[in-house]
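Everything on this sheet refers to the single structure shown next.
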Amino acid sequence: MVIQNQKGSALAIILAVLPVFIAGALLCFSLLGILQNDLGLKYQCRVEGQNGQKRVAPLLSSLLALNPVAVAVKAELAEAILELEAAIASENPVAIAKATKHYTQVLEKRDKLDHRQKQLIKQSDLLLQQSHTFTSMNLRRTGGSASNILLKVDLDSVRGKAPKLAVRPDSPDIAPTYSPVDDFENKQALAHEWQYRVQVRPPFSNFLKGEFSFKKACAVSLAKENSSWLPKIIVGKYSLKSVW
(Lines give C-alpha, C1' and ligand atoms only; values in the text may rest on other atoms or scores of the structure.)
Protein backbone atom coordinates (compact mmCIF):
# COMPACT_ATOMS: atom_id res chain seq x y z
CA MET A 1 0.00 0.00 0.00
CA VAL A 2 2.87 2.34 0.88
CA ILE A 3 4.61 1.54 -2.41
CA GLN A 4 1.44 2.32 -4.35
CA ASN A 5 1.10 5.63 -2.53
CA GLN A 6 4.73 6.50 -3.38
CA LYS A 7 4.17 5.62 -7.04
CA GLY A 8 1.03 7.72 -7.05
CA SER A 9 2.85 10.66 -5.49
CA ALA A 10 5.72 10.38 -8.01
CA LEU A 11 3.25 10.25 -10.89
CA ALA A 12 1.45 13.30 -9.54
CA ILE A 13 4.73 15.22 -9.30
CA ILE A 14 5.69 14.20 -12.83
CA LEU A 15 2.29 15.28 -14.17
CA ALA A 16 2.60 18.57 -12.32
CA VAL A 17 6.14 19.27 -13.57
CA LEU A 18 5.65 17.99 -17.11
CA PRO A 19 3.76 21.05 -18.43
CA VAL A 20 6.45 23.33 -17.02
CA PHE A 21 9.18 21.19 -18.57
CA ILE A 22 7.42 21.15 -21.93
CA ALA A 23 6.86 24.91 -21.77
CA GLY A 24 10.52 25.47 -20.90
CA ALA A 25 11.71 23.25 -23.74
CA LEU A 26 9.32 24.98 -26.13
CA LEU A 27 10.57 28.36 -24.95
CA CYS A 28 14.19 27.39 -25.55
CA PHE A 29 13.34 26.09 -29.01
CA SER A 30 11.39 29.27 -29.80
CA LEU A 31 14.17 31.55 -28.57
CA LEU A 32 16.66 29.63 -30.70
CA GLY A 33 14.46 30.34 -33.72
CA ILE A 34 14.37 34.05 -32.81
CA LEU A 35 18.17 34.12 -32.49
CA GLN A 36 18.63 32.39 -35.84
CA ASN A 37 16.26 34.86 -37.48
CA ASP A 38 18.07 37.78 -35.87
CA LEU A 39 21.45 36.60 -37.13
CA GLY A 40 19.92 35.82 -40.52
CA LEU A 41 18.55 39.35 -40.91
CA LYS A 42 21.91 40.91 -40.12
CA TYR A 43 23.73 38.52 -42.45
CA GLN A 44 21.25 39.27 -45.22
CA CYS A 45 21.61 43.02 -44.69
CA ARG A 46 25.40 42.84 -44.80
CA VAL A 47 25.62 40.55 -47.84
CA GLU A 48 23.19 42.64 -49.86
CA GLY A 49 24.98 45.82 -48.77
CA GLN A 50 28.31 44.38 -49.89
CA ASN A 51 26.82 43.37 -53.24
CA GLY A 52 25.41 46.87 -53.73
CA GLN A 53 28.72 48.56 -52.95
CA LYS A 54 30.59 46.15 -55.21
CA ARG A 55 28.49 47.38 -58.13
CA VAL A 56 29.16 51.02 -57.26
CA ALA A 57 32.92 50.65 -56.65
CA PRO A 58 34.00 50.50 -60.34
CA LEU A 59 31.88 53.57 -61.13
CA LEU A 60 33.55 55.51 -58.31
CA SER A 61 36.96 54.39 -59.57
CA SER A 62 36.07 55.48 -63.12
CA LEU A 63 34.91 58.89 -61.90
CA LEU A 64 38.08 59.58 -59.92
CA ALA A 65 40.21 58.25 -62.79
CA LEU A 66 38.84 61.11 -64.92
CA ASN A 67 40.43 63.73 -62.64
CA PRO A 68 43.70 63.93 -64.63
CA VAL A 69 41.63 64.36 -67.79
CA ALA A 70 39.67 67.19 -66.13
CA VAL A 71 42.90 68.93 -65.13
CA ALA A 72 44.28 68.59 -68.66
CA VAL A 73 41.07 69.90 -70.27
CA LYS A 74 41.01 72.87 -67.91
CA ALA A 75 44.60 73.73 -68.81
CA GLU A 76 43.89 73.29 -72.51
CA LEU A 77 40.85 75.56 -72.28
CA ALA A 78 42.88 78.29 -70.58
CA GLU A 79 45.46 78.00 -73.35
CA ALA A 80 42.77 78.12 -76.05
CA ILE A 81 41.29 81.29 -74.53
CA LEU A 82 44.71 82.97 -74.58
CA GLU A 83 45.23 81.91 -78.19
CA LEU A 84 41.83 83.31 -79.20
CA GLU A 85 42.46 86.59 -77.41
CA ALA A 86 45.84 86.93 -79.12
CA ALA A 87 44.34 86.11 -82.51
CA ILE A 88 41.57 88.68 -82.06
CA ALA A 89 44.14 91.27 -81.05
CA SER A 90 46.18 90.51 -84.18
CA GLU A 91 43.11 91.03 -86.39
CA ASN A 92 44.37 88.17 -88.55
CA PRO A 93 41.36 86.30 -90.00
CA VAL A 94 43.29 83.05 -90.48
CA ALA A 95 44.62 83.11 -86.93
CA ILE A 96 41.18 83.98 -85.56
CA ALA A 97 39.54 81.09 -87.47
CA LYS A 98 42.18 78.66 -86.27
CA ALA A 99 41.98 79.83 -82.65
CA THR A 100 38.17 79.76 -82.72
CA LYS A 101 38.16 76.21 -84.03
CA HIS A 102 40.55 75.08 -81.31
CA TYR A 103 38.49 76.85 -78.64
CA THR A 104 35.28 75.21 -79.87
CA GLN A 105 36.91 71.77 -79.91
CA VAL A 106 38.08 72.18 -76.33
CA LEU A 107 34.61 73.28 -75.21
CA GLU A 108 33.12 70.17 -76.83
CA LYS A 109 35.73 68.01 -75.12
CA ARG A 110 34.91 69.63 -71.77
CA ASP A 111 31.16 69.14 -72.25
CA LYS A 112 31.62 65.47 -73.13
CA LEU A 113 33.75 64.97 -70.04
CA ASP A 114 31.17 66.73 -67.86
CA HIS A 115 28.43 64.52 -69.27
CA ARG A 116 30.45 61.39 -68.60
CA GLN A 117 31.18 62.44 -65.00
CA LYS A 118 27.53 63.21 -64.28
CA GLN A 119 26.49 59.96 -65.92
CA LEU A 120 28.76 57.97 -63.59
CA ILE A 121 27.37 59.80 -60.55
CA LYS A 122 23.78 59.25 -61.70
CA GLN A 123 24.38 55.54 -62.33
CA SER A 124 25.98 55.19 -58.90
CA ASP A 125 23.06 56.94 -57.18
CA LEU A 126 20.61 54.67 -59.00
CA LEU A 127 22.47 51.51 -57.98
CA LEU A 128 22.62 52.66 -54.36
CA GLN A 129 18.89 53.40 -54.39
CA GLN A 130 18.06 50.02 -55.93
CA SER A 131 20.26 48.15 -53.46
CA HIS A 132 18.83 50.01 -50.47
CA THR A 133 15.24 49.44 -51.58
CA PHE A 134 15.87 45.75 -52.30
CA THR A 135 17.40 45.17 -48.86
CA SER A 136 14.59 47.04 -47.09
CA MET A 137 11.97 44.94 -48.88
CA ASN A 138 13.74 41.70 -47.96
CA LEU A 139 14.11 42.72 -44.33
CA ARG A 140 10.39 43.51 -44.12
CA ARG A 141 9.47 40.25 -45.82
CA THR A 142 11.59 37.98 -43.67
CA GLY A 143 11.59 39.98 -40.43
CA GLY A 144 8.49 38.35 -38.98
CA SER A 145 9.14 34.85 -40.24
CA ALA A 146 10.46 33.72 -36.86
CA SER A 147 6.98 33.70 -35.30
CA ASN A 148 6.05 30.26 -33.93
CA ILE A 149 3.49 28.53 -31.75
CA LEU A 150 4.87 30.15 -28.58
CA LEU A 151 6.26 33.53 -29.67
CA LYS A 152 4.94 36.17 -32.02
CA VAL A 153 7.49 38.39 -33.77
CA ASP A 154 6.39 41.74 -35.21
CA LEU A 155 8.77 43.85 -37.27
CA ASP A 156 7.77 47.38 -36.24
CA SER A 157 9.89 49.38 -38.64
CA VAL A 158 12.72 49.31 -41.15
CA ARG A 159 14.40 52.68 -41.41
CA GLY A 160 17.18 54.19 -43.44
CA LYS A 161 17.68 56.47 -46.41
CA ALA A 162 19.49 55.47 -49.57
CA PRO A 163 22.79 57.35 -49.86
CA LYS A 164 24.10 59.29 -52.82
CA LEU A 165 27.59 58.72 -54.17
CA ALA A 166 29.66 60.49 -51.52
CA VAL A 167 31.79 62.72 -53.75
CA ARG A 168 32.01 66.47 -54.25
CA PRO A 169 33.27 68.69 -57.09
CA ASP A 170 36.51 70.47 -56.21
CA SER A 171 35.34 73.63 -57.98
CA PRO A 172 32.11 75.06 -59.48
CA ASP A 173 33.54 74.66 -62.99
CA ILE A 174 32.05 72.55 -65.74
CA ALA A 175 33.80 69.14 -65.75
CA PRO A 176 35.62 69.68 -62.44
CA THR A 177 37.76 67.19 -60.59
CA TYR A 178 35.94 65.17 -57.90
CA SER A 179 36.99 64.00 -54.45
CA PRO A 180 35.41 61.81 -51.74
CA VAL A 181 33.54 63.95 -49.20
CA ASP A 182 34.59 64.32 -45.57
CA ASP A 183 33.29 61.42 -43.45
CA PHE A 184 33.06 59.39 -46.66
CA GLU A 185 32.49 56.00 -45.00
CA ASN A 186 29.35 57.09 -43.15
CA LYS A 187 27.87 59.15 -45.98
CA GLN A 188 28.51 56.40 -48.55
CA ALA A 189 27.07 53.66 -46.34
CA LEU A 190 24.09 51.51 -47.24
CA ALA A 191 22.62 51.60 -43.73
CA HIS A 192 19.46 50.03 -42.31
CA GLU A 193 17.88 50.06 -38.87
CA TRP A 194 15.02 47.81 -37.84
CA GLN A 195 13.08 47.13 -34.67
CA TYR A 196 10.98 44.14 -33.74
CA ARG A 197 8.84 43.06 -30.79
CA VAL A 198 8.60 39.56 -29.35
CA GLN A 199 5.44 38.56 -27.47
CA VAL A 200 4.31 35.32 -25.86
CA ARG A 201 1.19 33.99 -27.58
CA PRO A 202 -1.91 32.92 -25.70
CA PRO A 203 -2.63 30.59 -23.98
CA PHE A 204 1.07 30.41 -23.00
CA SER A 205 0.97 34.10 -22.05
CA ASN A 206 -1.24 33.12 -19.09
CA PHE A 207 1.79 31.73 -17.26
CA LEU A 208 4.74 33.00 -19.34
CA LYS A 209 4.56 36.77 -19.26
CA GLY A 210 6.83 38.80 -21.47
CA GLU A 211 7.11 41.35 -24.28
CA PHE A 212 10.49 42.46 -25.53
CA SER A 213 11.65 45.04 -28.08
CA PHE A 214 14.96 44.88 -29.97
CA LYS A 215 16.73 47.41 -32.16
CA LYS A 216 19.17 46.19 -34.80
CA ALA A 217 21.16 47.76 -37.62
CA CYS A 218 23.81 47.17 -40.22
CA ALA A 219 25.78 49.35 -42.61
CA VAL A 220 28.19 48.63 -45.44
CA SER A 221 30.35 51.30 -47.05
CA LEU A 222 33.40 51.50 -49.31
CA ALA A 223 37.01 51.85 -48.23
CA LYS A 224 40.09 52.34 -50.37
CA GLU A 225 42.69 49.61 -50.09
CA ASN A 226 45.76 50.19 -52.22
CA SER A 227 44.23 51.33 -55.52
CA SER A 228 40.87 49.57 -55.15
CA TRP A 229 37.57 50.48 -53.49
CA LEU A 230 36.24 47.53 -51.48
CA PRO A 231 33.06 46.99 -49.40
CA LYS A 232 33.53 47.47 -45.68
CA ILE A 233 31.20 46.74 -42.74
CA ILE A 234 31.41 49.86 -40.61
CA VAL A 235 30.96 50.63 -36.93
CA GLY A 236 27.51 51.62 -35.71
CA LYS A 237 24.93 51.23 -32.95
CA TYR A 238 22.33 48.70 -31.74
CA SER A 239 24.75 45.82 -32.12
CA LEU A 240 27.25 43.73 -30.23
CA LYS A 241 30.84 44.95 -30.22
CA SER A 242 29.67 48.27 -31.70
CA VAL A 243 29.55 46.87 -35.20
CA TRP A 244 26.48 47.48 -37.36
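The values are calculated or read from the model by the stated rules, or taken from the named source; none is laboratory data. All of these numbers come straight from a predicted model, not from anything done at the bench. No Cβ is skipped: glycine too gets one built from the backbone with ideal geometry, and neighbour counts run over all protein chains shown. Just the protein is used for accessible areas: all its heavy atoms, side chains included, with ligands, DNA and RNA removed. Shrake-Rupley method; radii C 1.70, N 1.55, O 1.52, S 1.80 Å.
Quick look at the numbers
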read-out	value
In the range 234-244, residue modelled with the highest pLDDT [restricted to those that are open to solvent by 60 Å² or more (accessible area, probe 1.4 Å) and hydrophobic (A, V, I, L, M, F, W, C)]	Val235
Residue match in the range 200-222 (condition: within 20 Å of Leu60 (Cβ to Cβ) and either of a type in the set (D, E, K, R) or modelled with pLDDT under 80 (or both))	no
Residue count, the range 48-90 (criterion: within 30 Å of Leu139 (Cβ to Cβ), among the hydrophobic types (A, V, I, L, M, F, W, C) and out of contact with any helix residue (DSSP H, G or I) (no Cβ under 9 Å at 6 or more places or on another chain))	1
Qualifying residue in the range 133-151 (condition: without any contact (Cβ under 8 Å) to a residue 12 or more places away in the chain and in a helix (DSSP H, G or I))	yes
Count of the range 181-191 residues which are free of Cβ contacts under 8 Å to residues at least 24 places away in the same chain and either under 30 Å from Ala75 (Cα atoms) or among the aromatic types (Phe, Trp, Tyr) (or both)	2
So Leu113, is it within 30 Å of Gly160 (Cα to Cα) and in a helix (DSSP H, G or I)	no
Of all residues in the range 153-176 being in contact (Cβ under 8 Å) with a residue 24 or more places away in the chain and open to solvent by less than 30 Å² (accessible area, probe 1.4 Å), the one that is farthest from Leu230 (Cα to Cα)	Val153
Every residue from the range 96-110 that is hydrophobic (A, V, I, L, M, F, W, C) and either under 23 Å from Pro169 (Cα atoms) or outside any helix (DSSP H, G or I) (or both)	Val106, Leu107
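Here is a yes/no grid of residues against (1) of a type in the set (S, T, N, Q); (2) in contact with a Lys or Arg (Cβ under 6 Å, 6 or more places away or on another chain); (3) open to solvent by 90 Å² or more (accessible area, probe 1.4 Å):
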{"site": "Leu60", "(1), (2), (3)": "no, no, no"}
{"site": "Leu63", "(1), (2), (3)": "no, no, no"}
{"site": "Val69", "(1), (2), (3)": "no, no, no"}
{"site": "Lys74", "(1), (2), (3)": "no, no, yes"}
{"site": "Ala80", "(1), (2), (3)": "no, no, no"}
{"site": "Gln117", "(1), (2), (3)": "yes, no, no"}
{"site": "His132", "(1), (2), (3)": "no, no, no"}
{"site": "Leu139", "(1), (2), (3)": "no, no, no"}
